[in-house]
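The values are calculated or read from the model by the stated rules, or taken from the named source; none is laboratory data. Keep in mind the model is a prediction, meaning the values are calculated, not measured. Please note: Cβ atoms are built from the backbone with ideal geometry, for glycine as well, and neighbour counts cover all protein chains shown. Protein only, heavy atoms only, side chains kept; ligands, DNA and RNA dropped before computing areas. Shrake-Rupley method; radii C 1.70, N 1.55, O 1.52, S 1.80 Å.
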Amino acid sequence: MRIKKGQPYPLGATRKSNGINFSMVNSVERECGIILYNKKTKEEERIPFDAQNRVGNISSLFIEDIEAENYEYNYYIGDTELTDPYAKKVCGNEVWQGAAAGDVVIRGGIYQPHFDWQRTTPLHILYQDSILYCLHVRGFTQHKSSKVKHKGTFKGLMEKLDYLKELGITGVELLPIYEFEECETGVDIHSMEYQVQHIDEPLENLESGKTDYKLNYWGFKKGWYFAPKASYAAGNDACTEFKELVREFHKNGLEVILQFYFPREIRQAYILEVLKHWVLEYKIDGFHLKGADLPVTLIATEPIFANTKIMSDDFNLDEIYDYTETPRYKNLAYYREDFMKDARRFLKGDEDMLKGFRYHMSNQNPKCGIVHFITNYYGFTLNDLVSYDRKHNEANGENNQDGTDYNYSWNCGAEGATRKKQIMQLRKKQMKNALSFLMTAQATPLLLAGDEFCNTQQGNNNAYCQDNEMTWLDWSGLRKNQDIFTFTKELIAFRKEHPILHTDNPLTMMDKYGYGYPDLSYHGEEAWRVGMENYNRHIAMMYYSRFAGKTQQDDFVYLAYNMHWESKELALPALPKDYQWECVFDTAEVDTGKTFEAGRTQMQVTSRSVKVLAGCKKTRAKKGKK
């Protein structure tokens, strides 16, 4: 090896044709350098940075004629050894929960940037055309029922591509897949505090030398943000395997969106560099940013992200855009709980929720997308939302103190699993209702993985530390609850077929082009008039498809929602001559497929149910039925 003067950028270890450039940030004046580990000889060598080559707080050097694949590295500052926060490959944590079996030494690896993308590129699917699907890479296929070869890995997720395409989603949102230590700091089992807390445990569990680890299954913690998680790879090269995942998803028309959690101490400039790396090196389609003091305005105005989806709790749009400016590609999106809370309360029949529900169902922003969800990785699954009144987090070991107490859920008459047929039927209807809310709202819908086949976590609403069958998707539910899966799939297809349900700009409730009908109208017991009193729990919305500006399968879409415990008569607005209404979906399974004769002015909507009607010319309807 020959040591030469290095370049301060890019930071970290960068592979060149004739060697490796190392660049390190060091804000103190102590000696610093590189510790090189030879994987073949098991020897290590310390190479100090030349203080004369320091630029600001960056030290660098170039090592020529080194076989990069044979080495790992760490940095040192004085007597302290640390793993490079800019490491693009991380070694030592390849086995999931490996730290529980012994000490794990984390080191940086030398990243190989070359990859054949086979001309694939990010997809840039518009928010109004997106249907997102939130999942945990390990939990998605780890269960034996997944029937994949590479369980709990990037390759395992790729094996489910045909399933995701059949469901109809357009992109996946992945919980953190950057490298992190899932085993939290250990606890000495011989300490007084531990033994008091575990006084009822058998003595054989308190063996000498063992350490009790707390598992961080979700991964929302500080990590090595530039590197894919090694234990999520089926092979020994997580970087290449994750690139293969992105490439195959893009080939199949699906986007890949990554969640990133940045705690308060992470510097804003560092966050920006992390996101740039994943866009440039992995061609990912977007980010869901979580954490404190995030530089969202800085990120939103960075030119390289102009076509990259950026999702967060909030944006100061006045800082990001001029007053009259409209983005060429709407890449920002609010990702909030507002819809979730109001939709859940409307679902279970709470009083005075109609105004909030009506607002969320049509809410749009001309400069920013909006992501809606009924359930997410935190909180109840959809099945648990209609099966539990209270959280059941005892398995987390925190005396059921963790997780939110406010779930806005209703168990439909029994807490948890039941064999009562009436309750089971009501639960399925409520799940269909919730899915109907989600897929007929104007904003971008996000579905939690497994909700489409009634996945359960036994009432645990904060399963952050559970790596077992509680959080692994049980794919046998797909066979047991085929009706919910089919309903979800058909509902997604219906949304895609009707652009009026997901327009680019807010609807005006006016007939601004003189078509004879407004783009959106509201109805109650009377046509064109809806009662918004606090005791009402029913409303109908009619969309006129001509305003979507595209050729439509149906000219009118009528959505009737009744979350009251009694049936309601809702008005059917008069259609043009030679038109008729056909019921496409009825969550009460009463009128699906039924055609309403011309001149009918009202329709009964069963208690706690949703009806979706399509209005089209009679000749078109007859042709479609053939």
Which of the residues belonging to segment 364-387 are assigned to a loop (DSSP other than H, G, I, E, B), under 18 Å from the mean Cα position of the chain (by Cα) and on the phi < 0 side of the Ramachandran plot?
-> Phe373, Ile374, Thr375, Asn376, Tyr377, Tyr378, Phe380, Thr381
Looking only at segment 38-53, decide whether some residue is open to solvent by less than 10 Å² (accessible area, probe 1.4 Å) and of a type in the set (Gly, Ala, Ser).
-> no
Cβ pairs under 9 Å, 6+ apart or interchain, first in segment 511-539 and basic (Lys, Arg), second open to solvent by 70 Å² or more (accessible area, probe 1.4 Å), ordered by first then second residue, are Arg537/Glu351; Arg537/Trp565
Considering every residue within segment 510-518, establish whether at least one is within 28 Å of Ser607 (Cα to Cα) and within 36 Å of the chain's Cα centre (by Cα).
-> no
Kindly state which helices (runs of 4 or more DSSP H) lie completely within segment 388-498 and contain at least 2 residues that are hydroxyl-bearing (Ser, Thr, Tyr) and in contact with a strand residue (DSSP E or B) (Cβ under 8 Å, 6 or more places away or on another chain).
-> 421-440
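Condition check ((1) touching a Cys at 6+ places or on another chain (Cβ under 7 Å); (2) in a helix (DSSP H, G or I); (3) at positive phi; (4) in contact (Cβ under 8 Å) with a residue 60 or more places away in the chain) across all residues:
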{"position": "Met311", "(1), (2), (3), (4)": "no, no, no, yes"}
{"position": "Phe315", "(1), (2), (3), (4)": "yes, no, no, no"}
{"position": "Glu319", "(1), (2), (3), (4)": "no, yes, no, no"}
{"position": "Glu325", "(1), (2), (3), (4)": "no, no, no, no"}
{"position": "Arg328", "(1), (2), (3), (4)": "no, no, no, no"}
{"position": "Tyr334", "(1), (2), (3), (4)": "yes, no, no, no"}
{"position": "Asp342", "(1), (2), (3), (4)": "no, yes, no, no"}
{"position": "Glu351", "(1), (2), (3), (4)": "no, no, no, yes"}
Segment 226-272, residues that are closer than 16 Å to His150 by Cβ, open to solvent by 30 Å² or more (accessible area, probe 1.4 Å) and in a loop (DSSP other than H, G, I, E, B) | Ala234, Gly235, Asn236, Asp237
Name the residues in segment 12-35 that are basic (Lys, Arg) and more than 16 Å from Lys89 (Cα to Cα), would you?
-> Arg30
Val557 vs (1) within 30 Å of the chain's Cα centre (by Cα); (2) β-branched (Val, Ile, Thr); (3) open to solvent by 10 Å² or more (accessible area, probe 1.4 Å): all pass except (3)
Quick one: what pairs do we get from segment 137-165, first residue of a type in the set (A, V, I, L, M), second in a helix (DSSP H, G or I) and open to solvent by 10 Å² or more (accessible area, probe 1.4 Å), C-beta under 6 Å, 6+ apart or different chains?
-> Met158/Glu248
Of the residues that make up segment 422-439, is at least one surrounded by fewer than 19 Cβ atoms within 10 Å (Cβ to Cβ) and among the polar types (S, T, N, Q)?
-> yes
Failed condition for Ala87, given (1) in a strand (DSSP E or B); (2) closer than 19 Å to Val274 by Cα | (1)
Filtered residue count, segment 389-421, keeping only those that are open to solvent by 30 Å² or more (accessible area, probe 1.4 Å) and touching a residue at least 60 places away in the same chain (Cβ under 8 Å) = 6
Reported set for segment 65-91 where residues are more than 18 Å from Gln112 (Cβ to Cβ) and open to solvent by less than 30 Å² (accessible area, probe 1.4 Å) is Asn74, Tyr75, Tyr76, Ile77, Gly78, Thr83
